[in-house]
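The values are calculated or read from the model by the stated rules, or taken from the named source; none is laboratory data. All of these numbers come straight from a predicted model, not from anything done at the bench. So basically every Cβ, Gly included, is an ideal-geometry build from the backbone, and we count neighbours across all protein chains shown. Accessible surface areas use protein heavy atoms only, side chains included; no ligands, DNA or RNA. Shrake-Rupley method; radii C 1.70, N 1.55, O 1.52, S 1.80 Å.
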Amino acid sequence: MALALFDLDNTLLAGDSDHAWLEFLSEQGVVDGDTLRQANDRYYRAYLDGTLDIQEFLSFVLAPLAQQPRSRLEHWHRQYMEERVAPMITPEARALVEKHREAGDTLLIITATNRFVTAPIATALGVPELLATEVEADADGAFTGRSYGIPCFREGKVQRLAQWLGERGWDWEESLAQATFYSDSHNDLPLLEAVGQPVAVDPDPELERTARQRGWPILHLHGACRPAV
């Protein structure tokens, strides 16, 4: 069974779910808006530049989760899905997912954004499998503000996918040879280079150069979809 692997932000979504979530929280008055936006934009620029310190970023982005009850966070998340995420899901992205579903492929979103933010988005997109950065919670389900395990970022995506395949007893080389991976970002080059069928989706400039040099397909789902930072 062939794997259809999808990055989430700026790939299946016409925007960045992490960036939008923190902007949403600032609008709710959860954290200081100016301070949050400045840091949020700084980290986002570092991501685009390929210089993001993932552990530092996770400490920043997960801290608000530890400051609120889980029930309140989930209420806000439902509002965020309606106001922010729904407009990011384009008909073209849904059609791409459906094409692979109809082909009988195994659908998997693989994203650096944390599972709390992304699990409902994967459900909304109809993708049953999700690899995301994991969020630590205590015995009562309250978030601690920390991640655990390997962050699903850059080489970490390859490591997490290897774990996922191993848990299912699937052969690594055979599975990757038949896999298609869609991404917008040069940060995903480790996994793009590992699969048999890499596809650049509305790629950033570095990924676009690499895709053209290597003859990879370039797919346009959203056009200029990144927020200005």
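Among residues of segment 147-171 that are on the phi > 0 side of the Ramachandran plot, those with a beta-carbon under 9 Å from a residue that is crowded, with 16+ Cβ neighbours inside 10 Å and at pLDDT below 95 at least six positions away or on a different chain give the pairs Arg154/Leu52; Arg154/Ile54.
Kindly indicate whether Val30 is open to solvent by less than 80 Å² (accessible area, probe 1.4 Å) and assigned to a helix (DSSP H, G or I). No: the conditions fail for Val30.
The numbered conditions (1) in contact with a helix residue (DSSP H, G or I) (Cβ under 7 Å, 6 or more places away or on another chain); (2) within 24 Å of Leu161 (Cβ to Cβ) are all true for Tyr44 except (2).
The strands (runs of 3 or more DSSP E) found entirely in segment 132-209 that carry 3 or more residues being open to solvent by 20 Å² or more (accessible area, probe 1.4 Å) are 143-148. What do you reckon, is Glu98 of a type in the set (Asp, Glu) and touching a Leu at 6+ places or on another chain (Cβ under 9 Å)? Judged against the criteria, Glu98 is not a match. When segment 8-27 is filtered for residues that are within 19 Å of the chain's Cα centre (by Cα) and open to solvent by 10 Å² or more (accessible area, probe 1.4 Å), the ones remaining, listed by number, are Asp9, Ala14, Asp16, Asp18, His19, Glu23.
Restricting attention to segment 94-117, and to residues there that are among the hydrophobic types (A, V, I, L, M, F, W, C) and out of contact with any strand residue (DSSP E or B) (no Cβ under 7 Å at 6 or more places or on another chain), which single residue is farthest from Thr144 (Cα to Cα)? Looking at the filtered set, the residue picked out is Ala103.
Looking at Glu83, Glu92, Glu74, just one residue is of a type in the set (D, E, K, R) and in contact with a helix residue (DSSP H, G or I) (Cβ under 8 Å, 6 or more places away or on another chain), and that residue is Glu83. Counting the residues of segment 91-124 that are assigned to a helix (DSSP H, G or I) and open to solvent by less than 20 Å² (accessible area, probe 1.4 Å) gives 8.
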